[in-house]
1. Give me the helices (runs of 4 or more DSSP H) completely within segment B:156-270, filtered to those with at least 3 residues that are modelled with pLDDT of 85 or more, ordered by residue number.
2. Which one of these is in contact with a Pro (Cβ under 9 Å, 6 or more places away or on another chain) and either free of Cβ contacts under 8 Å to residues at least 40 places away in the same chain or more than 14 Å from chain A (Cβ to nearest Cβ) (or both): C:Pro233, C:Pro216, C:Pro237?
3. Only one of (1) assigned to a helix (DSSP H, G or I); (2) crowded, with 24+ Cβ neighbours inside 10 Å; (3) at pLDDT below 90 fails for A:Ala320. Which number is that?
4. Give the residues of segment B:110-130 that are at the interface with chain C (Cβ under 9 Å from one of its Cβ atoms) and either touching a Pro at 6+ places or on another chain (Cβ under 9 Å) or among the aromatic types (Phe, Trp, Tyr) (or both), sorted by residue number.
5. Take the residues in segment A:187-200 that are facing chain C (nearest Cβ under 7 Å) and not in a helix (DSSP H, G or I), then tell me which one is surrounded by the most Cβ atoms within 10 Å (Cβ to Cβ).
6. Name the one entry in A:Glu96, A:Glu53 that is closer than 20 Å to A:Ala176 by Cα and not aliphatic (A, V, I, L, M).
7. Among the residues of segment C:162-173, is there at least one that is at pLDDT below 90 and more than 14 Å from chain A (Cβ to nearest Cβ)?
8. Do we find a residue being free of Cβ contacts under 8 Å to residues at least 40 places away in the same chain, hydroxyl-bearing (Ser, Thr, Tyr) and more than 17 Å from A:Gly287 (Cα to Cα) anywhere in segment A:135-152?
Amino acid sequence: MRRVFNSQTIREILRPLGQIVVFVTASGVVLSLLILLLALLLRGSAADQATIERNGMDIFTYTLVNLPQVLIDGVTIGFVYAAIALGYTMVYGVLEFINFAHSEIFAIGAFVGVEALIFLESAGMLSGASNLSAYLWLILAILLGMIAAGSVAILVEMSAYRPLRHAPRLVPLISAIGVSFFLQDAIRLIESLTTGQFHRIIPTFGNFDERFSLASIPYLGTNINLDIQVKSVWVIFAAILMLVGLNYLVNATKLGKAIRSVAQDQATASLMGINVNRIISLTFLIGGALGGAAGVLYALKFTRIDPFVGFFPGIKAFTAAVLGGIGNITGALLGGIVLGMLETFAGSYLNVFTVGAFGAEYKDILAFGILILVLIFRPSGLLGEQVGQKA
Amino acid sequence: MPDDQVLLQATGVTKRFGGLIAVNKMDFSIKKGQILSIIGPNGAGKTTFFNTLTGIYRPEEGEIRFQGTMLVGKRSDQIAALGISRTFQNIRLFGNMTVIENILVGMFTRLKQNAWGAISRNKAFLEEEALAHQKAMTLMEFVGLRGVGDELARNLPYGVQRRIEIARALASDPKLLLLDEPTAGMNPHETQEAMRLFRRLRDELGITILLIEHDMRVVMGISEGVSVMDYGQKIAEGTPEEIRNNPRVIEAYLGREAIATILDGSSEAS
Amino acid sequence: MGGSRERISAWFAQGIGWANRGWHPYAIAIAYLALGTAMVYTSPRSLVGFLVFASSALLIYYIRLDKSAKLGLGILIALVLVPILGVRNIFYLETIFQISVFAALALGLNIVVGFAGLLDLGYVAFYAVGAYLWAIFGSQQLYLLEAIPGTANPDTPFFLPAGAFYLFIFLGVGLAALTGILLGLPVLRLRGDYLAIVTLGFGEVIRVLANNLDKPINLTNGPQGISPIQRPPLPQPLLDGLNAVLKPVVGHNISQGEFYNLFFYLAALAVILVVILVVHRLDDSNIGRAWTAIREDETAAIAMGVPLVRMKLAAFAAGASFAGAMGVLFAASRTFVSPESFSFMQSIGVLSMVILGGLGSIPGVIVGAAVVVILNLQVLQGLSLYLSELRQSDAVIPIINFAWKNLSTQLDPAKYQRMLFGLILILMMIYRPAGLIPAERRKRELRSENNVNLDDDNQASPSSHAEEAHNAG
C-alpha cells in the first residue's frame, strides 16, 4: 500500500484539486464583483425601479441576496459541462477531431441511468430506501450509464470514424454529425418501442431534493441564505472525482503515457510498439464513459430527459473545451466552470438588469457568443494546447 | 538605397516556433537574373525560410524587401501578386482540378475579370479567358507537357506533376521563382531535363530562380551562387566551387569527426 | 461467380450501347416519359407512377440525346407536365414544390460546401433572414410592434401592398448576402472544423432571436410565428385564361390556392435556373477556380495569389443570397413563418441533400434534393400511413406474436427524419464520399491534341487515367 501512494500519486491528485479550488474561487470572485459593480451602476435606473416594485428591495440588495445561490448553481452546472467537455477534449487531443456525436453519447448515458432507476423503482427498491441505499442505487445507475455510453462510443468510433481516419478533416466531422442525428432518433425509436414514450423523468428517491443549509447571513432585514441541494453536492462530488481520476490516469500511469504519445505522433507511437487503434478505442471509451456519467448526473439535476437532451449541453461543453484550450484536460475543467458560472449569471440576472427585455432564454446562445469570441481572439483557449499539440 | 540589381533582400530574418529557432538572423539577397541555391541538412530551416519569404510564416525579426517593397506582414496572396511564385517540396497541386485549371489558378492575380463578367459572359471576359487558356497551353508546352490538359492532376505521374507545378508557378508571370527541391525523386535523366528547363526559364523568360536542392549535381550544375544553412543559420555563401571546399559546410554535412580526418585540423576558423 | 458478373456487366454495357444508338434514345426517352405521365395521370396515388415520372428526368439527362432535344423535353416536363399532373393531384405539386425549394437551397449550400469546401452547418439561418424579412414587411406585424403575441386585432391593415413581394425577393438576396458577409468576416479565418461549429452556433442564434424577439418590441411574434403573410397578386384574367385551358385536362376547376401552388413552383424553378446559370458560369471563371483551389489546398491556393478570406466571403455571400431569395418565396407561399422551420435539423437536411447528390455537382445536388424530399414526403409518410392502418387492423406479427394494435403511437416514421439524414451522411461519407453523381471537371483542351503523348516514357495513356479517376470516384 505504501508504494501506491508515492509522491507522484499524491501530486497528481492534489494538483487538480488545487486547480479546482483556484478556478472556482477565481471565477466566482471575478464574476461576483463584476455583477455587483453592474448592480451598483444600475441603481436608480428603470431596472432598479422594477426590482423594488416586484421584490421590495433595490437592485443591489436583490443581486447580493441571490448571489450565493447563483454561485452554487453555476458551479454545479459548470462541473457537468466540465465532465462532458473532457470527452471532447480527450478525442480532440488524440485525433484532432470534433466528436460531434459526444452529445448523444451523453444522452445515452442519461437514458440508461434513468431507465435503470425507473426499473428499480418499479421493482419497489427505491420507495422507502434509506439514504445510504439510495446513494448506492445512484452509483449503480451512474456505472451502468458509463458502461453503456462508453461501449456505444467505441462502437461509433469503429464503425463511423475509423474507416475515415485518413480522409480530409471535414469528412469524419460530417460522419460524426450523421452519427449524432442517427443516435438521437435511435434513442427515440428504442424508447418509443419499449416504453411508448421518449420523454423520461428520473424517479424521486432518497434525499436528493433536500437542501443543506450552509449558512444564513442577516443583511439589511433579509437573510442571505446559502443552501445547496443534496443532488448538487452529488453532482459536484462525482464530477471532481472523475476529473481527478482522469487527470491521474493521463498524467501518472503507463496507459496515460501511451495516450499522450499517440496524441503527439501516431506513427512514432506505433513504431514504439503502442497499438494505436487500441489506444484510440480506449480514448473513446474513457471519454464516452465520462460523458455517460455526466448524463446521469445531468438527469439527476434537471430530472427530465429526451433524446435531444444532449444537444445544448454538448455544444456548451464543446465551447467549454475550446474556451479552456481544446486538447487540455485542465482547460476543460476551467472552461466548464467559467462557462457554467457565466451562463447561470446570465440566466439569473439578465432579465432583471434589462427590465425583462432579454430573458433567460438568451443564456443558451451566450455559449455561442463566447465560442466565437474565443475562436477569433484566442483560438488556443485560455490555457493553450498541451495534451495534443502537434508540430 | 539598395542596389538596383538586387531583386530580393532579406536581413536578419528570424522565425521561432515556441522555443525552437527555425531560422536565425538569416541574411540573403538575390540579384535579377541569378540562379541561386540554398542547401543544408534536413531540418536546417530552408523550407521555413521559403515560407517566410512567401508570407506563409511571419518572421518575428528582420525584414524582407522585394524590389524595395517590404514583404513582412504581407499575406501570401499579396506577395504572389507582387511577383514571387513558388513550388512545394511535397508537390501541392489541386488534385481534383485538371492540369489546365491548375495553371489557370496560377494566373489568378493576372486576370482582371470579375463576377459580373463571368456571369454575363461579356466580350472582355470571353476574350480574357481565351487568352488565358492559350497562355496555359503555351506554358504546358514550355515545360514539356502535351495532351494532358484535361487530366485531373492527381492522376498523373510524379515527374509530370512536378512540371505542372512549375507551369502553375509560371502562370503568375513571376519575377522570382522559388523552387523547393524541384528534382527530388527524379531519375538522372529527368533531373538533366529539369536543369535544362530551369536554365531556359532564366534565359528565355528572364526569371530569377532560387532553389532549395539536395542533389549536388543540380546545385553545382546550374547555380551561380550557393548559400548553406544549418540550424537555421547561414553558415556559408559563395560560388559552388568555394562551397565545395568550405570546411564548415563539410562539417555540417558530415559531422565534426569527418572534418578532422579530411582537413587534418589545418584550417579551423572561417 | 466472377464470370457471371462479368457476363452481366457485358450484357449491360451492350444494352446501354444499343439504347444510345441512332434513334433509339429518342424513342426510349419519349416512351418512358409517356409511361410515367400516363401512370401518374390515371392513378394519381401510385408511388410507382410518381417514381417512373420523376426518374424520366434523370433518364433524359443521361441518355444520348441532342442538347436541344434534352432541353425541349426538360421544358415539357417542367412547364407542361408537372403543372398539369400537379393540379390533378395537389399532393404531387406540394412534393415538386418542396423539391424545387430544397434543390435551390441545396444548390446555394453547394457553393459554400461543394465548391469552396467550407462546412456551413447553419445555412438555414440565411433562409430565415429572407423569410422573416418578407414576413415582417409583408404582414401586419409592423403595426403590432407594441402588441403582446396572440392579442393582435385581425383587422389591422397590411404594412405594404402585396406587390412589394417582387421587390423583396431582391431585398432578401441583398440582406442575406450582407448577413453572410457580416458573419463571415470574423469567422472565415478559422479552420474548417471550427468554422462548422461556429456556423452551427450562428444558425441557433438566429433561431433563438426569432423565438425571443417578441420583446422588448414584438418584431417576430415569438414562437407563435407571423401570420398571415401576403402573397403576390395574380391578375384575374390570367387565372381565367389558364382555367379555360387547363380545366378540360385536369378535370376540375382550379382554385386560387392551386394557382398559387403553381405560381410558387414556377418561381422556385426560376430561382433554380438562376442559381444554375450563375453557379455554372462562376465555376468556369477565376472565382470558381479559386473556390475549388481553396477547397483542394488552402496553402497552395494562397501561394498562387488567391486571397483566401475574400474568396471565402464571396462564396458565403453567394450561397447566402440564394437562401435569402428562397426565404422570401417560402414566407409568401406558406403565408406563415415560425422559428420551427429554421432549426438545425433543416440545415443538416439540406447538407444531406448536397452530400447525397455529390459535393460540387449541380445535377447531383438536384437529384439529392429530390431523393431526400421524396424519401421524406412519400416514403416515410407512406410508412406512417401504412403503420397507422396496421394499428387499426387486427393483424399480428407471427412467431413473436405481436399485435400491431399494441405498437406505440409514438412510432411515426414520418418523424424520423433525423435518422434518415444521419444515415445518409454516415453511409455516403464511408462508401461514396463523392456522392451519387460525382462532380466532373470541365474538359477544356481540344481533344484532337490528345493523340500526342508526353515525351516521357513512364507515362500511361490518358484514357487509362480517366478510367482510374472514374473508378476512384
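The values are calculated or read from the model by the stated rules, or taken from the named source; none is laboratory data. The structure presented is a predicted model; accordingly, all values stated were derived computationally and were not measured. Cβ placement follows ideal geometry from the backbone for every residue including glycine, while neighbour counts extend to all protein chains displayed.
1. B:158-170, B:188-205, B:216-222, B:240-244
2. That would be C:Pro233, the only listed residue that is in contact with a Pro (Cβ under 9 Å, 6 or more places away or on another chain) and either free of Cβ contacts under 8 Å to residues at least 40 places away in the same chain or more than 14 Å from chain A (Cβ to nearest Cβ) (or both).
3. The number of the failed condition is (3).
4. Selection gives B:Phe125 alone.
5. A:Phe198
6. On the way: A:Glu53 fails: closer than 20 Å to A:Ala176 by Cα.
On inspection, the qualifying residue turns out to be A:Glu96.
7. So far as segment C:162-173 goes, yes, one or more of its residues are at pLDDT below 90 and more than 14 Å from chain A (Cβ to nearest Cβ).
8. no
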